[in-house]
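Structure first, then comments.
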Amino acid sequence: MLLYNTGPGSRSDFVGLELMNGKLRLMLEKGDGVMELLGNQVVSDGNWHTVSVQFNPTLIEVSVDGSSNSLKLPQGGNRYLDLSDTTYLGGLELNKRARAMNQGLKAAGSSFKGCLRKMEVDGRRVGIPDAKVTQGIVPNCIWEFPCLGDPCVAGAKCIQQGVDSFQCECDQPLCVKADYTDTYKVFSKPTLAVDLEILSLTPLQVVEGGNCLITTSNVDVVLDYPKYGLRDSGLLFHSVAAPQHGKLMVATWEHAGGSSRQTFTLLDLAKDKVRYLHDGSENHEDSMIFELELVTGPSFVLPGYLQGRHRFALHVNVTPVNDPPVLNFPPGATLRLAQGTRKVLPKELLQAEDPDSSGLALVYTVLSQGVAEPGHVERLHSPGLPIRSFSQQDVDQGQVAYAHSAGAVDNGRLALQISDGIETSAPVFLRIVAFPLQLRLVNNTGLMITRGAGARVTPAYLGFESNADDPELDVRYDVVKTPQFGVVQRLRGDSQWQNVDHFTSRHLARDQVRYLHVSGEPQHDEFKFRVSVLDVHSPTIYSFRVTFTKLGLVKRHIHELQLNGTREGWLTDQHLLFQTEPLATDTTHIVYRVVRAPHYGALHAKHRRLQVGDVFTQQDLDSSKVRYRLHRKAYSHVRDDFKFSVSAPECEPLAESIALLHVPSGETRSEVQATLERLQVPEGGRQSLLPTYLHLETRGITELVYNVTHGPHHGRLDVMDVGLLTELRKNTQYFSSRELMTERVFYIHDDSESRRDSFHFIALSSEEEDFQYVGVFHVDVLLKNDNMPVRAIDKVFHVMTGGEKLLTGRDLLYTDADVDTRPSDIVYTRRGIQNGGIYKALDPSTPLYEFSQDDLNSRRVLFRHEGEEYGKVGLWITDGQFYANGELEVRASPPFVSVANNTGLLVKEGSVVPITSTNLSVDTNLNMWGEKLSYELLEGPSHGHLEIEHEDGPLQHFTQLDLEEGHLSYHHDGDSSATDMFQFRATAGQTSTDGKVNVKVYPAIYWEILLVGSNRTLHVEESTSIIITPASVQVL
């Protein structure tokens, strides 16, 4: 019984709330008959549940964890509930039980066994101080529910026993998990009405590698066994499964000479003869499985529920201890390196073994040997500075190197000792062998450039490598013979090039060396050089060859051709001029090819009309032999253009276009009465193009044909027959003035969410009447609400267990295809929450039952988790006219932060690229966002750096807000390496995660735009073939 109140009299009103089979049952009587409402959720599962009960003369309702179940009461009858001023919680006094049972309450005879907290009546908190009488209650909850820890094996049923114990029932010999680490009890076989306790088990506590006694405090026989005729020696424990990480030792077994009989008695336990010995491994848990057998004297017979064997598991908790580190070199271990160089100490060679310590805690010490040593240990980024200690983590990260001293002995040894801060290993010695340093040619391809130009020399063209494992080793190049027609230069600073007689491999890697042609017109040039590294000089003289190659085509200018009141004009070199560099090419060899002809006129050269694929030259332009002529006399502004490709011998062709503009005179414009009014069409509808919207009138013109040069984007034009019953031309590209006058031309909207549309046309008369007019006809679309809200973001909402988090548009987003629908028009109504509640963000005590998409986008909605880890929120979504059903999945978990988006970066060599939230973002179940989510730069990029807008100095931290607002950027330093990266740590509160952003670097040529040079339609006869040439299709 949970709640009961009844009024005075024998047939009075009452209300009662009780637990039946773990579910709530609410009953109410107001004089018109008893009404009953059953809950559909089990609450007797050991978890806290939020229960709300509402009752009045018209409605009864029970809500469990936000899930409601209600019942409307019949209309008419009594309108009031006559109840007393005394309400019983958790049980009834004796004189009330019979009456409650007669009223239909089945649990009236038993009190509630469990805990109640945070009780409210009509919104007012009540508790023990408000009670008139209390009986059998305590202030704190003393109940524990071990079944929530899942102590039973798969398939077993966990049953609460008393206040804090449990029993597992299954059809297996052992029902409790072997790795269950808390105290538990073993019960008799299930033949009694009440289960009989036999054993109480407490886990063993042993240190790593140690041993301990198994006593009666670990295996406590709570059964009153003497009354069954049992002695201590009659309680036999059979070992069924030995421990995996230790050994069970019994003194009687040793005395029996290693007998295979794995049994001991309660008497052995009492006399400290049973012991557990741990094997010293790093496993901190172990267990043993036993069976208890009860053996009586000859004059006693055990009851059936005690007969047979009772299986149980005894758990062992192992306390770890520190193990000393061990460093063993493989047989014949030797560190080989070139003389005078250094080599990173490989982790495959220096790998200490210590299961207790991390790599950072394991510290190596370099021991002095009292004799001259061939070198020293140093950090990779601090060359020449000897160190006497370093960690295993430094070795694993490749940060420690051994440097051989120039001129020192070739062979020696390195003495090391390693410590974990507590224990220290014995000294070990690593043999050092130094071999002669040598150089090897890798690349010497030479350069290909145009005359008068320069080109950088990179490792792809010239490079040597040594036999040393030292990436910092710098090879020197000494120029012994300078080039005849050019100079070798090195970049100093940002932009100053200076002639040099030597350079290094580091200069080559940084693109700081170039060859510059300064004189003559040679086909080839070269310079000679020697190479050296440290004290090693190569006797060979090498040659680096420079080959001169073809010219380049350059656009000088393209200017628009304008016709002011005339029908034709001449294209000259003032409008269109291309030349070659570094040497000029004869203008007759610079050829222009027409890729797309003009729309409203035609090109003419040398007394013929130019079609697609025809050519003219720069010489024709210089001599004013190319002209543009309109098809008809134009009475309007005409904007036209044509596309072309230009080529020259030994040059790559270029694709371009030139604009053509006709401006009519004022007199010509006044000769035409043009009607161009905006047409209004409902969304998805159709409308006739009446003469009141489109009409051209001038003297001497009998009929016009309107050719559609650019059709509408969001609809089409149809021409109907005379009866307006069938489509004469669907999606037509032309219509006549006669069809306009008879109202047979229709614009049909495609039902898209577009506010405006238009189409371009040219109105042409016959050649004799000589008239053309170019215009744009505009359409206004009257939008309507014809789309229902659609979910745009569908993902699980993550929140910290028992915590709260803002619910935003990044978690829940519905959109409406109607362009005039605002986020505030999309309204959500919640229908039930299984594991929490939704509240106002500015007033977390006020629940929200209705909110808009604008509330989500503006961070005005707060979700608070309560109850189960996983649940769903039912939603009803509307835009004011259409409705949709939805749900939000909610999952609670411990705090986490994870990388949600990491696309990497693509950057042009030497340029800058922004880093936004589309490239990098994190997700967390904490109530944190924007600047509260911080990033720490663990390892910066090697070939560039990161910058935050308006901030100076080295960048070490940035936030999610910097990414969202586009303030962070990556600056490439122009290095020729194809890749780069930086590592970061993202932090939300006390939780963090590490990640890496990869950067791909592409040279400038990769970013050049591809252009279509030619794309001509092919005409081929049936069953024949044709050759496809660059004149037909070509991409530049």
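Distance from the alpha carbon centroid of the range 24-88 to that of the range 461-504 works out to 91 angstrom. Kirkwood radius for the range 546-662, taken over all pairs of different Cα atoms as the inverse mean of 1/r, rounds to 14.8 Å.
Within a straight-line Cα-Cα reach of under 25 Å, residue 481 can be paired with the following lysines, leaving aside sequence neighbours fewer than 8 residues apart in one chain: 528. Above 19 angstrom, tally the Cα pairs of the range 796-860 and express them as a % of all pairs, no decimals. Counting every Cα pair in the range 796-860, those more than 19 Å apart make up 32 percent.
Karplus-based coupling profile of the range 503-511, in residue order and whole Hz: 7, 10, 5, 5, 4, 5, 5, 9, 6, with θ = phi - 60° in 6.51 cos²θ - 1.76 cosθ + 1.60 and x standing for Gly or Pro. Quotient of the Cα radius of gyration of the range 661-778 and 2.2 N^0.38 Å, N being its number of residues: 1.08. With the cut-off at under 15 Å, measuring from each backbone N in the range 794-819 to a point 7 Å along the Cα-to-Cβ line of residue 840 picks out no residue.
Take the cross-link list 606/633; 555/625; 23/157; 157/227 and give me the ones stretching past 27 Å between alpha-carbons.
157/227
Residue-wise HN-Hα couplings along the range 565-575, as the Karplus relation 6.51 cos²θ - 1.76 cosθ + 1.60 with θ = phi - 60° gives them from phi, are x, 10, 8, 9, x, 9, 8, 10, 5, 6, 9 Hz; Gly and Pro carry x. Only Cα pairs under 8 Å and 6+ residues apart enter the sum, and on that basis the relative contact order of the chain stands at 5 percent.
Taking Cβ separations below 4.7 Å as the criterion for a possible disulfide partner, the isolated cysteines in the chain are 212, 651. The slack in the chain from residue 703 to residue 249, taken as 0.36 nm per residue of separation less the alpha-carbon distance, amounts to 151.8 nm. In the chain, the calculated helix contribution to ellipticity at 222 nm averages -1000 deg cm²/dmol per residue, counting -39,500 (n - 2.57) for every DSSP H run with n ≥ 4. Taking θ as phi - 60° and the Karplus parameters 6.51, -1.76 and 1.60, the scalar couplings of the range 405-412 work out to 7, 4, x, 7, 5, 6, 10, x Hz in sequence order, x denoting glycine and proline. Each other residue within a Cβ distance under 11 Å of residue 576 adds +1 if Lys or Arg and -1 if Asp or Glu, for a net charge of -3.
Using 0.36 nm times the number of residues separating residue 435 and residue 71, minus their current alpha carbon distance, what extension gain do you get?
121.7 nm
Computed over the alpha carbons of the chain, Rg followed by Dmax gives 45.7, 138 Å.
Please name whichever of 616, 906, 299 sits farthest to the positive end of the charge dipole of the chain, dipole taken about the Cα centre and charges placed at Cβ: Lys and Arg +1, Asp and Glu -1. Of the candidates, 616 comes out farthest on the positive side. Placing pseudo-labels 7 Å out from each Cα toward the beta carbon at residue 317 and residue 272 gives an inter-label distance of 2.3 nm.
Here the peptides 790-796, 929-935, 707-713 are ranked by packing, the mean other Cβ count within 10 Å, and the order with the highest first is 929-935, 707-713, 790-796. Our note on the geometry: Cα centres of the range 920-968 and the range 646-706, 52 Å apart.
When the solvent-accessible surface of protein heavy atoms is calculated with a 1.4 angstrom probe, in what order do 315, 967, 524, 607 fall, highest first?
I get 607, 524, 967, 315, largest accessible area first.
Per residue, the solvent-accessible area of the chain (1.4 Å probe, heavy atoms of protein chains only, all protein chains present) comes to 53 Å².
In this label model, residue 624 and residue 61 are separated by 9.1 nm, measuring between points 7 Å along each Cα→Cβ vector.
Let me know the whole percent of all Cα-Cα pairs from the range 261-312 that are separated by more than 14 Å.
Looking at the range 261-312, the distances longer than 14 Å represent 69 percent of pairs.
For the range 233-331, the Kirkwood estimate of the hydrodynamic radius, built from every pair of different alpha carbons, is 16.1 Å. Bridgeable aspartates and glutamates around residue 1000 (alpha carbons under 15 Å apart, same-chain partners fewer than 8 residues away excluded): 909, 973, 975, 980.
Each peptide in 1003-1010, 672-679 receives the mean, over its residues, of other Cβ atoms within 10 Å, and ordering these scores from highest gives 672-679, 1003-1010. Cross-link partners for residue 795 among the lysines, with Cα-Cα distance under 19 Å and sequence neighbours closer than 8 places in the same chain left out: 805, 872.
For the range 789-927, what D do you get in µm² per second when you plug the Kirkwood radius from alpha-carbon pairs into Stokes-Einstein at 4 °C and 1.567 mPa s? Don't jump to the answer; show the numbers that get you there.
Working: Rh = 16.3 Å.
The Stokes-Einstein estimate is 79 µm²/s.
Put simply, the amide H of residue 446, placed in the peptide plane, has neighbours under 5 Å in 545, leaving out anything fewer than 5 places away on its chain. The distance from the alpha carbon centre of the range 792-846 to that of the range 511-580 is 61 Å, rounded to a whole number.
Determine the share of the chain's accessible area contributed by carbon and sulfur atoms, expressed in whole percent, with a 1.4 angstrom probe.
Carbon with sulfur: 49 percent of the solvent-accessible area.
Projected onto its three principal axes, the C-alpha set of the range 256-405 covers 94, 31, 23 Å, listed from the longest axis down.
Of the beta bridges in the chain, as assigned by DSSP with both residues counted there, near 90 percent are antiparallel. Taking amide hydrogens as placed 1.01 Å from N in the peptide plane, the amide H of residue 166 sits under 5 Å from those of 161, 185, each at least 5 positions away in sequence or on another chain.
So what is the relative contact order for the range 266-374, in percent, with contacts set as C-alpha pairs under 8 Å and at least six apart? So the answer I get is 23 percent. Near the amide H of residue 658, within less than 5 Å, lie the amide hydrogens of 642, all on another chain or at least 5 residues away, with H placed in the peptide plane.
The values are calculated or read from the model by the stated rules, or taken from the named source; none is laboratory data. On a predicted model such as this, the values are computed, not experimentally measured, just so you know. Ideal geometry is used to build each Cβ from the backbone, glycine not excepted, and the neighbour counts take in all protein chains shown. Each accessible area value is taken on the protein alone, full model and side chains, heavy atoms only, with ligands, DNA and RNA left out. Shrake-Rupley method; radii C 1.70, N 1.55, O 1.52, S 1.80 Å.
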